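The values are calculated or read from the model by the stated rules, or taken from the named source; none is laboratory data. Since the structure is predicted, the reported quantities are computational estimates derived from the model, not experimental observations. Every residue, glycine among them, receives a Cβ derived from its backbone with ideal geometry; neighbour counts consider all protein chains shown. Quick note on the areas: whole protein, heavy atoms, side chains included, nothing else; ligands and nucleic acids left out. Shrake-Rupley method; radii C 1.70, N 1.55, O 1.52, S 1.80 Å.
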Amino acid sequence: MTNRLCALIALALVMASGRLQAQFSPGELSRVHRQLEGTENCAKCHEVGKEISGAKCLDCHGEIKAAIDSKHGYHALVAPKKCVSCHKEHLGLSAQTVIFKKESFDHQQTGYVLTGKHQQTQCERCHDAKNIRDQGVKTLVQKTGRQSYLGLATTCNSCHEDRHRGSVGTECQSCHTTDAWAPALKFDHARTKFALTGKHTTVVCAKCHTEISDR
């Protein structure tokens, strides 16, 4: 067998191998899923003989499964949809796996409607790693170093400092609105042990309620 013939056979085998690989994999996986590259790993995500339902996605993405199970947040509301509706793969190593445009995102789909000043606040002011309360999401962010819009709680003090230091509970909305912290428009002094009468009704709150120092 001549060297030329050997070279042609080798080239044919390489090309055939490439075509065979292409039949199984439509493209390279993204960097976050790179460890799953290779035809021997297909069944870790794909269900044999079926479309991708997302069931195997949740085997790895426990933080999403926990949110769905607890019926909390965006993924719980869109759970009937397939993961591949928003998350695309096999588009290359540097491809984004999340189809998400924060400029046009409807926050109402998360179950937490933005009102007042929240409508004007930049997403990152709330969706900051320090405000994440879900331990699964927090661990993922620490591990990958990536930003996440998941894992926040809906209580005011999960993002805002409690100026009352726990003395009046955590239901801030019973006195305050999202339009402004002060004045506390919904606060009724008659609900306290000291109902305001006479001149007290016109005194500015801060005249009596001075800031407590940290001494």
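Taking the highest mean first, how do the peptides 88-96, 183-191 order by number of other beta carbon atoms within 10 angstrom per residue? All intermediate terms of the calculation are to be shown ahead of the outcome.
Details: 88-96: 13.2, 183-191: 11.6.
Ranking, from highest mean packing down: 88-96, 183-191.
What ranking do 75-85, 57-67 get when scored by the average of other Cβ atoms within 10 Å per residue, highest first? Let's see the in-between values first.
Details: 75-85: 14.5, 57-67: 17.2.
Top to bottom by mean Cβ count within 10 Å: 57-67, 75-85.
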Task: Charge context of Q135, other residues only, Cβ under 15 angstrom, K/R +1, D/E -1 - done: +2
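Just the accessible area per residue of segment 64-209, please: how many Å² with a 1.4 Å probe? Each step should come with its number before you reach the end.
On the way: 10970 Å² over 146 residues.
That works out to 75 Å² for each residue.
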TODO: Provide the packing ranking of 42-50, 123-131, i.e. peptides ordered by the mean count of other C-beta atoms within 10 Å per residue, highest first.
DONE: 123-131, 42-50
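Rounded to the nearest 0.05, what FRET efficiency do F105 and K199 give with R0 = 35 Å and r taken as the Cβ-Cβ distance? Could you check?
Details: r = 50 Å, r/R0 = 1.43.
Once the sixth-power term is evaluated, E becomes 0.10.
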- [ ] With only alpha-carbon atoms counted, please give the Rg and Dmax of the chain, in Å.
- [x] 27.6, 112
TODO: May I ask you to evaluate 6.51 cos²θ - 1.76 cosθ + 1.60, the Karplus curve with θ = phi - 60°, for each residue of segment 187-200 and list the ³J(HN,Hα) values in order in whole Hz, giving x for glycine and proline?
DONE: 7, 10, 5, 5, 7, 8, 7, 9, 6, 7, 9, x, 5, 4
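How large is the Rg to Rh ratio of segment 104-215 when both quantities use alpha carbon positions and Rh follows Kirkwood? Please list the in-between numbers first.
On the way: Rg = 18.1 Å, Rh = 16.9 Å.
Rounded to two decimals, Rg over Rh is 1.07.
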- [ ] Would you kindly derive the ³J(HN,Hα) couplings of segment 167-179 from the backbone phi angles with the Karplus curve 6.51 cos²θ - 1.76 cosθ + 1.60 (θ = phi - 60°), listing them in order in whole Hz, with x for Gly and Pro?
- [x] 6, 10, x, 10, 8, 4, 5, 6, 10, 9, 10, 7, 6
- [ ] Pull out the extension gain between Q120 and E171, defined as 0.36 nm times the separation in residues minus the alpha carbon to alpha carbon distance; nm, one decimal.
- [x] 16.1 nm
TODO: Pull up the cross-link candidates among the lysines for K82, meaning alpha carbon to alpha carbon under 24 Å and not fewer than 8 places away within one chain.
DONE: K44, K50, K56, K65, K71, K101, K102
Task: Stretch gain in nm, segment D59-K81, where the contour uses 0.36 nm per residue and the Cα spacing is subtracted - done: 6.3 nm
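Taking 25 Å as R0, compute the FRET efficiency from the Cβ-Cβ separation of S158 and K207 and round it to 0.05.
Details: r = 31 Å, r/R0 = 1.25.
Calculated value: 0.20.
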Open item on the list: Within the chain, what whole-number % of the accessible surface is contributed by carbon and sulfur, with the 1.4 Å probe and all protein chains included in the calculation?
Closed with: 58
Open item on the list: Helix-only estimate, please: 222 nm mean residue ellipticity of the chain, summing -39500 (n - 2.57) across DSSP H runs of length 4 or more and dividing by its residues, to the nearest 500.
Closed with: -7000 deg cm²/dmol
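Taking 0.36 nm per residue of sequence separation and subtracting the Cα-Cα distance, how much length would be gained by fully extending the chain between T192 and R31, in nm to one decimal?
Details: separation 161, 0.36 × 161 = 57.96 nm, distance 5.78 nm.
Extra length from T192 to R31 when fully extended: 52.2 nm.
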Open item on the list: Under 8 Å for C-alpha pairs, at least 6 residues apart: give me the relative contact order for the chain, rounded to a whole percent.
Closed with: 13
TODO: Beyond 15 Å, what share of the Cα-Cα pairs of segment 54-134 is found? Please give it as a whole percent.
DONE: 68
Open item on the list: Can you tally the net charge around E89? Count Lys and Arg as +1, Asp and Glu as -1, for every other residue whose Cβ sits under 14 Å from the Cβ of E89.
Closed with: +3
Open item on the list: At 7 Å along Cα-to-Cβ for each site, give me the label-to-label distance between R133 and K88 in nm.
Closed with: 3.5
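Membrane-span-like helices in the chain: DSSP H runs reaching 15 Å or more (Cα, own axis), mean Kyte hydropathy at least 0.5? Can you show the working numbers first?
On the way: long enough: 3-24 (32 Å, 1.05).
Taking the DSSP H segments of the chain (at least 15 Å long, mean hydropathy at least 0.5), we get 3-24.
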TODO: Give the total of Lys-Lys pairs in segment 113-195 with Cα-Cα distances below 23 Å; include a pair only if its members are 8 or more places apart or on different chains.
DONE: 4
